[in-house]
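Notes for the one structure printed next.
Derivation of every value follows stated rules applied to the coordinates shown; laboratory data play no part. The shown structure was predicted, so the numbers you read here are calculated from the model rather than taken from an experiment. Don't worry about glycine lacking a Cβ; one is built from the backbone with ideal geometry, like all the others, and counts go over all protein chains shown.
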Amino acid sequence: MHLKIITHQKLVFDEDVDEIYTKGTAGEFGILPNHIPIMSALDIGVTKIIQDGKARYFTTMGGVLQFKDNEAIILTPTAEDGNDIDVARAKEALARARAKLAERDAELDVKRTEAAVARALARLKATMTN
Ligand code: ATP
């Protein structure tokens, strides 16, 4: 089966894969070849793919996955190959967002800051597992 990961900016991944595991808004799920058609909203998290018995990890920051006729498409605002992630930057983003949440400022956009935490954690997870 084939997987494309597409963001606003670019085609992040476009290759044949054997297995896909990702994080839907209703929980993690996997897709093997010949899976029935599926459409799922994605959460901020890590998408793991298996190719020739080897795992690769990508961040997928929300969006949607569609699977039909052995073609999977993930449309997501932001995605990165785990190997391309700047770990120091993700750690800084995590610390910044957590510090903001700790301040409990009434003006803070909590949802947005929690999403920043989730993106940073997804990035760190995608690099640690690579
Ligand atoms: P930061 O606060 O570090 O910018 P962010 O979560 O706000 O993090 P995004 O808005 O999700 O960043 O992403 C903006 C762009 O920067 C995207 O192209 C994304 O792929 C890239 N990017 C963000 N963080 C990293 C990182 N740690 N390593 C590599 N690319 C990153």
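Would it be correct to say that Leu75 is in contact with a helix residue (DSSP H, G or I) (Cβ under 6 Å, 6 or more places away or on another chain) and more than 13 Å from the ligand (Cβ to nearest atom)?
On the way: in contact with a helix residue (DSSP H, G or I) (Cβ under 6 Å, 6 or more places away or on another chain): no; more than 13 Å from the ligand (Cβ to nearest atom): yes.
When the stated conditions are applied, Leu75 does not pass them.
Might you let me know whether region 81-89 holds any residue that is of a type outside the set (A, V, I, L, M, F, W, C), surrounded by fewer than 18 Cβ atoms within 10 Å (Cβ to Cβ) and more than 16 Å from the ligand (Cβ to nearest atom)?
Filtering region 81-89 down to residues of a type outside the set (A, V, I, L, M, F, W, C) leaves 81-84, 86, 89.
Next, only the ones that are surrounded by fewer than 18 Cβ atoms within 10 Å (Cβ to Cβ) stay: 81, 83-84, 86, 89.
Filter once more, so that each one left must be more than 16 Å from the ligand (Cβ to nearest atom): none.
There is no residue in region 81-89 that is of a type outside the set (A, V, I, L, M, F, W, C), surrounded by fewer than 18 Cβ atoms within 10 Å (Cβ to Cβ) and more than 16 Å from the ligand (Cβ to nearest atom).
Counting only residues that are charged (D, E, K, R) and in contact with an Asp or Glu (Cβ under 8 Å, 6 or more places away or on another chain), which one in region 52-80 is surrounded by the most Cβ atoms within 10 Å (Cβ to Cβ)?
As a first pass, look at region 52-80 and keep what is charged (D, E, K, R): 52, 54, 56, 68-69, 71, 80.
Cutting the leftovers down to in contact with an Asp or Glu (Cβ under 8 Å, 6 or more places away or on another chain) gives us 52, 56.
Working: Asp52: 7, Arg56: 18.
In this case the residue turns out to be Arg56.
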*Hey, could you check region 1-41 for residues that are within 14 Å of the ligand (Cβ to nearest atom) and part of a strand (DSSP E or B) and say which is surrounded by the most Cβ atoms within 10 Å (Cβ to Cβ)?*
Ile5
_Residue pairs meeting the criteria (Cβ under 9 Å; at least 6 apart or on separate chains; first farther than 12 Å from Arg123 by Cα, in region 79-104; second within 7 Å of the ligand (Cβ to nearest atom) and not acidic (Asp, Glu))_ = Ala95/Ala120; Arg96/Ala116; Arg96/Ala120; Ala97/Ala116; Ala97/Arg119; Ala97/Ala120; Arg98/Ala120; Lys100/Ala116
*Any residue at all in region 110-129 that is surrounded by fewer than 15 Cβ atoms within 10 Å (Cβ to Cβ) and touching a Gly at 6+ places or on another chain (Cβ under 8 Å)?*
yes
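Name every residue in region 102-123 that is hydrophobic (A, V, I, L, M, F, W, C) and away from the ligand (no atom under 14 Å from the Cβ), in order of residue number.
Answer for region 102-123, where residues must be hydrophobic (A, V, I, L, M, F, W, C) and away from the ligand (no atom under 14 Å from the Cβ): Ala102, Ala106, Leu108, Val110.
Conditions tested, residue by residue: (1) within 17 Å of the chain's Cα centre (by Cα); (2) part of a helix (DSSP H, G or I); (3) over 25 Å from Phe13 (Cα atoms).
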| site | (1), (2), (3) |
| --- | --- |
| Asn83 | yes, yes, no |
| Ala93 | yes, yes, no |
| Ala97 | no, yes, yes |
| Leu101 | no, yes, yes |
| Leu108 | no, no, yes |
| Lys111 | no, yes, yes |
| Val117 | yes, yes, no |
| Ala120 | yes, yes, no |
